[in-house]
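So the structure is just underneath, and the comments pick up after that.
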Amino acid sequence: ELLRVMRTIDDRIVHELNTTIPTASFVGKIDASQTCKELYQSLMDAHTSRERIIKNCIAQTSSVVKTLREEREKAQDDVALLKQLRKEQTKLKLMQSELNVEEVVNDRSWKVLS
């Protein structure tokens, strides 16, 4: 949910560009160069923060998986522990796949901005 909210700028990049670049009647009233620089910086900040958050989640989940694996080696008969380990491994795979999604979203935004 947080990633969806944080990707709003990427989802609305075309709208942002349309409102950033002035039409012929507003050319003298708006500094398009400065506005584009601000949009570029906002996009950079959004991409950096999302990547940092995703990698932080991956690190935390990896740590939990590692701990559960160690516990699992000690108690191989514990079915509840196995279920929890599988759940955390699934979460880890989803977080890792979010990095791929992030790359696609970022590429699309930079192509539109260019």
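Tabulated values for the structure
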| read-out | value |
| --- | --- |
| Test for Lys74: is it open to solvent by 90 Å² or more (accessible area, probe 1.4 Å) and either modelled with pLDDT under 95 or in contact with a strand residue (DSSP E or B) (Cβ under 7 Å, 6 or more places away or on another chain) (or both) | yes |
| Residues of segment 45-71 classified as open to solvent by 40 Å² or more (accessible area, probe 1.4 Å) and touching a residue at least 24 places away in the same chain (Cβ under 8 Å), total | 6 |
| Meets criteria (open to solvent by 60 Å² or more (accessible area, probe 1.4 Å), of a type in the set (Ser, Thr, Tyr) and either closer than 19 Å to Glu1 by Cβ or free of Cβ contacts under 8 Å to residues at least 40 places away in the same chain (or both)) for Ser114 | yes |
| Yes/no for Val5 being surrounded by 13 or more Cβ atoms within 10 Å (Cβ to Cβ), at pLDDT 85 or above and not charged (D, E, K, R) | no |
| Answer residue from segment 63-105, given it is of a type in the set (Asp, Glu) and not in a helix (DSSP H, G or I) and is nearest to the chain's Cα centre (by Cα) among those | Asp78 |
| Boolean, Ser42 is in contact (Cβ under 8 Å) with a residue 24 or more places away in the chain and either open to solvent by 80 Å² or more (accessible area, probe 1.4 Å) or among the hydroxyl-bearing types (Ser, Thr, Tyr) (or both) | yes |
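The values are calculated or read from the model by the stated rules, or taken from the named source; none is laboratory data. As the structure is a computational prediction, the values presented were derived from the model and not from experiment. Cβ atoms come from the backbone with ideal geometry, glycine included; neighbour counts cover every protein chain shown. Just so you know, the surface numbers come from the protein's heavy atoms only, side chains and all, with ligands and any DNA or RNA stripped out. Shrake-Rupley method; radii C 1.70, N 1.55, O 1.52, S 1.80 Å.
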